Amino acid sequence: MNIHVLDKSIYTAVTEAIRSEATRLLTAGDVTVIVGYAAARRKGSAQPIVITSSADADKLIFTPACVNNLAVYLTKAKKEIPKGGKIGIVVKGCDLKALVGLMGESQLKREELYLIGVPCVGVLASTVQPATELTAETIASKCRECDAHLPSGCDLLPNVVLPPMPQLEGKYSAEIARLEALPPAERWAFWKEQFAKCIKCYACRQVCPFCFCEQCLCDRNKPQMVDTTPRPAGNTAWHIVRAMHLAGRCAGCAECERVCPMDIPLNLLNRKMAKELKELFDYEAGFEVNEKGPLSTYTEKDDQSFIK
Amino acid sequence: MSRIGVFICHCGENISRTVDVERVASEIGKHPGVAFSTDYKYMCSDPGQTLLKKAIQEQKLTHIVVAACSPRMHEKTFRKAVEAAGLNPFLCEMANIREHCSWVHENREEATLKAIDIVGMMVERVKKNRILPTITVPVTKRSLVIGGGIAGIQAALDIADCGHEVILVEREPSIGGHMAQLSETFPTLDCSQCIMTPKMVDVANHPKIKLYTYSEIELVEGYIGNFQVTIKKKARSVDEDKCTGCGVCMTKCPQKKIPNKFDQNIGMRTAIYVPFPQAVPNTPVIDRENCTWFKTGKCGICQKVCGPGAVDFEQQDRLIVEAVGAIVVATGFDLYSIAEKPKGSPIKGYGEFGHGKIPDVIDGMTFERLASASGPTGGRILRPSDGKEPKQIVFIQCIGSRAREKGISYCSKVCCMYTAKHTMLYHHKVHDGQAYVFFMDARTPGKSYDEFWRRSIEEEEAVYIRGMVSRLYQKGDKIVVMGSDIAVGVQVEIEADMVVLATAVMPQKGADTLAQKLGISYDKYHFYSEAHAKLRPVECATAGIYLAGACQGPKDIPETVSQASAAAAKVMTLFSKDKLEREPIVARVREIGCVGCFACKKVCAYGAIEEKEIRDRQGNLIKVVAYVNPGVCAGCGTCQATCPSKSVELDGYTDEQIVAMIEAL
């Protein structure tokens, strides 16, 4: 029954390519650090790593467990990577969209980065053990609807051929269609129930590359815009703020959903916003730097049917 | 601890009829922070203001709320009074209990409770008000006038006569505009050229006016008092300093059959030309599209015959940057070309009237050129088709104008009067001819206007037929005009020799592009919008930019000249001070929270947001944040709505103030 098993054989070659490029870059001093993935303690698992010496290059890997969006380590709010030279970073297609978004919002400069692109078949869902085989069942939901298996515009893209990819049914699109078909009251009830679970840990904010504000509006108390305690009104306010602030920006890496301890389908909300943006403004997160996002631009072609 | 004073106005009976003002005063007196509250019949009156000032001093008040009319009405009045009593004027707020309360409600009890809420909100808001210092910006006392028609000429002369330098930019090779094309002018029938050309010469000779003809506005940057304007001076191919205007080049140019736009294309000109003999400057320009030299590289006769050697085929377009403090826009109008439907325009054409197909169906401006002594026929009314004198002439009014079904709903204002004038000019020149006018209404308000119109009927024998024309067609050398006379209720058919259409007055082509460069607003027809239809008719909503003439809406000459002088007066008001004071309602960045995403910069319509580097004492860059230039900021608050971390706020309208108001409810 290996009909569902996905061919991830290219990852060996990708890992090799990342290692040799990292060695070359750090030895030549072309970059001061490289952000990538390394094996973690549990069998098959991976975790982000920041290396500064070519001696550590062999630690770098790429496997189906490399789920994290490393772009978050380059944002001001998280300040993990000290500035001082070019930064090398390993990026999947979805992560690259985030970096491109950050460039469009004056947070990063392309010339300060060395992008090591990863041809990606998919990564594992956060709900399965890291050593699990990558199959049509165990693949992350975001990868089922991925349009960015091959990043473009990188400084290095390992020369491998992507295996034929099976057409997988989109879970987000199916769920969005189901919710859209519901009457507003039931749809509202669904989200109310989801938001009621929130414990306001703000993990979704901390992991999101686009939550780069040094002082989040939700942490301010003059005036108190969003109730700080995990109560229904404040929870809903937070999730609406989050969804609205990500509309027209979200790269779809689904990290928010992965880290949510309460299993709130956060990326479902993000996908819905993305769908609206696509329909209203023909906008999609991509590999091209956009100086002006769809929600900060006015054109005469904009839909005005909401003006009654 | 704030000691807030609240002053409730009766506004005669406007407020007190519906709102129990005494109860509002006593209720609000109990509100925390309110030290004094009272009511008065007319708070804006002299005794009312005295009461306010006295209370500030006697009660040692720190913040003021005046509950009265809309702040648009009297905010300035009360802030001035508060300032006179020694408080910062921005510690005074108005609670609108007239437009927002007494005028829109009938139930006294409910209106009173609402008034208490409105005042309570403003009390909570004023507690959060900060002292705002007045912002001053320098003023460059030079002005730019765009358009060299009568409006631009008048505005330029008025400003220059006050001793300030004026840059006058005209797109065509000569100033003069449409007025220079007219034969006679209503209601006095004085020759347009006779009254226009001296003004044109005054412009050319004025030491304070710098004239750029054959030039266009390329880019406008900056703000009131401090604009930088890039002007594109198109290559004239003739050196203006060397040319003496002798005109030999024009007499020798072999290209003699180019339709002259100034003569509505019925007269011809050469490839090197001045549009009309009285042109200012009297320097020819080479029309490179039609010049043999530029088309084939051969000829060059004009260069050979030019004594001073002024003809320069190598001349290039030049960009010139001028610094000015004020801009007068006077780009004028164009007549709607009715033959064809403009591409992409909601306005439909009048193909059924044969304009463009039947040569003797002309528009009003073409008739002006026929009637003009300096026109292509030397002032004789002759048919373009065969040069015969028309013995029956039909004028049709409201072509385009007031025709909602054709896409234009407005009245072009000048056509009733100029058609009356045309019938007179025709009668003066063709004694045995008969003029007919098809009209909807004759709109003749204005000094001596109705008398003028009556004269065309009673003395000059024009026949006015109330009704519209349904169809025109050529029959032999006649044009059959079929229409209805709704006064009598009969169909009318006239075999005319010539038909003159009073086509709609439209803004100049490209008016929208210029508006976008200037950052001013325009309506759906592309007429420029004034800041207030009644009280600020010559100012744009964008500070430092003023309007004159038909670019703002259809206008006749007297009205255009008045508006041009008014715009000049506004410019002079601006130039009367060395520094410009402006309301300090501007956005301010909270740098500690700003993460430098510049979402604010992307949405700012005024270009007020700049990038500012923050460095430590050693000079290391810490971060780049947004900075609002207070001279440019218009206080619209778009940045505040856009900032994801709420790190930019509009002074006087901070989130804290707004939330305080909501919480007071």
Quick shape check on region A:59-105: root eigenvalues a ≥ b ≥ c of the Cα gyration tensor, a/c under 1.5 is rounded, otherwise prolate if a/b tops b/c, else oblate, and it reads oblate
Shielding of B:592-603 by other chains, given as the mean Cβ count within 10 Å, works out to 6
For region B:337-506, take N as its residue count and report Rg(C-alpha) divided by 2.2 N^0.38 Å. 0.98
Once you place label points 7 Å from the Cα toward the Cβ at A:A189 and A:S20, how far apart are they in nm? 6.0 nm
Inter-probe distance in nm under a simple model that places probes 7 Å from Cα toward Cβ, at A:I240 and B:R72: 2.9 nm
Relative to the longest principal axis of chain B, what angle (0 to 90°, nearest 10) does the C-alpha long axis of helix B:71-84 take? 50 degrees
Separation of region B:1-37 and region B:365-383 by C-alpha centroid, Å? 71 Å
Of the cross-linked pairs A:K79/A:K272; B:K623/B:K646; B:K357/B:K509; B:K257/B:K304, which ones have a Cα-Cα span greater than 26 Å in the structure shown? A:K79/A:K272
A student applying the Cα gyration tensor rule (rounded when a/c is under 1.5; otherwise prolate if a/b is larger than b/c, oblate if not) would label region B:235-316 oblate
Sites matching trypsin sites (Lys or Arg not before Pro) across region B:509-585 that sit in DSSP coil, with at most 16 neighbouring C-beta atoms within 10 Å: B:K509, B:K524, B:K534, B:K577
When the Karplus curve 6.51 cos²θ - 1.76 cosθ + 1.60 is applied with θ = phi - 60°, which whole-Hz ³J(HN,Hα) does each residue of region B:362-377 get, with x for Gly and Pro? 10, 9, x, 5, 5, 4, 4, 5, 5, 7, 6, 4, 9, x, x, 10
Expressed in whole Å with the largest first, what are the equivalent ellipsoid semi-axes of chain B derived from the C-alpha gyration tensor as the square root of 5 times each eigenvalue? 57, 34, 21
Between B:K261 and B:E99, how many nm apart are label points set 7 Å from Cα along the C-beta direction? 4.4 nm
Across region B:403-409, in residue order, what do the Karplus-derived ³J(HN,Hα) couplings come to in whole Hz, using 6.51 cos²θ - 1.76 cosθ + 1.60 with θ = phi - 60° and x for Gly and Pro? 10, 4, 5, 9, x, 10, 9
Please give the length that would be gained between B:E405 and B:K577 if that part of the chain were fully extended, namely 0.36 nm times their separation in residues minus their C-alpha to C-alpha distance (nm, one decimal). 56.9 nm
Can you classify region A:171-296 as rounded, prolate or oblate using the Cα gyration tensor, where a ≥ b ≥ c are the square roots of its eigenvalues, rounded means a/c under 1.5, and otherwise it's prolate if a/b beats b/c and oblate if not? oblate
Could you please state, rounded to a whole Å, how far the C-alpha centre of region B:422-446 is from the C-alpha centre of region B:298-332? 42 Å
Of every Cα-Cα pair in chain A, the percent that sits beyond 25 Å: 52 percent
Positive minus negative residues near B:A543 (Lys, Arg vs Asp, Glu; Cβ under 15 Å): 0
Which cross-chain or sequence-distant (5 or more) residues have an amide H under 5 Å from the amide H of B:E218, H modelled 1.01 Å from N in plane? B:T230, B:I231, B:K232
Just to verify a number: FRET efficiency for A:T297 and A:A136, C-beta to C-beta distance, R0 = 41 Å, to 0.05? 0.55
Contact order normalised by residue count of region B:221-272, Cα under 8 Å, 6+ apart, percent: 24 percent
State which entries of B:K391/B:K475; B:K233/B:K570; A:K301/B:K524; A:K142/A:K171; B:K141/B:K199 exceed 18 angstrom in Cα-Cα distance in the structure shown. B:K233/B:K570; B:K141/B:K199
Determine, from the Cβ-Cβ distance of B:T50 and B:S26 and an R0 of 25 Å, the FRET efficiency 1/(1 + (r/R0)^6), rounded to the nearest 0.05. 0.65
Rounded to the nearest Å, what's the spacing between the alpha carbon centres of region B:254-282 and region B:524-582? Just the number, please. 33 Å
Which aspartates and glutamates does A:K197 reach when only Cα atoms under 14 Å apart count, and residues fewer than 8 places away in its own chain are ignored? A:E257, A:D263
Given contacts defined as C-alpha pairs under 8 Å and at least six residues apart, what's the relative contact order of chain A, whole-number percent? 18 percent
Which cross-chain or sequence-distant (5 or more) residues have an amide H under 5 Å from the amide H of B:R588, H modelled 1.01 Å from N in plane? B:E649, B:L650, B:D651
Amide H partners (placed H, <5 Å) of B:K623, local residues excluded: B:I614
How far is helix B:557-575 tilted, in degrees, relative to the longest principal axis of the Cα atoms in chain B, given as a value from 0 to 90 rounded to the nearest 10? 40 degrees
How about B:K256: which aspartates and glutamates have a C-alpha closer than 15 Å to its C-alpha, ignoring those fewer than 8 places off in the same chain? B:D287, B:E289
Computed ³J(HN,Hα) along region B:640-653: with the Karplus parameters 6.51/-1.76/1.60, θ = phi - 60°, integer Hz and x for glycine or proline, the list is 4, 6, 8, 4, x, 9, 6, 9, 10, 9, 8, 4, x, 9
Compute the normalised compactness of the protein assembly as shown: alpha-carbon radius of gyration over 2.2 N^0.38 Å, N being the residue count. 1.22
Restricting to Cα pairs under 8 Å and 6 or more apart, the percent relative contact order of chain B works out to 13 percent
With a Förster radius of 30 Å, plug the Cβ-Cβ distance of B:D523 and B:V624 into 1/(1 + (r/R0)^6) and report the FRET value to the nearest 0.05. 0.15
Tell me the trypsin sites (Lys or Arg not before Pro) within region B:208-258 that lie in a loop according to DSSP and have at most 13 other beta-carbon atoms within 10 Å. B:K256, B:K257
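Taken together, the values in this text are just the output of simple stated rules run on the coordinates, not laboratory data. Predicted, not measured: the structure shown is a model, and the values here were computed from it. Neighbour counts run over all protein chains shown; Cβ positions are idealised from the backbone, glycine included.
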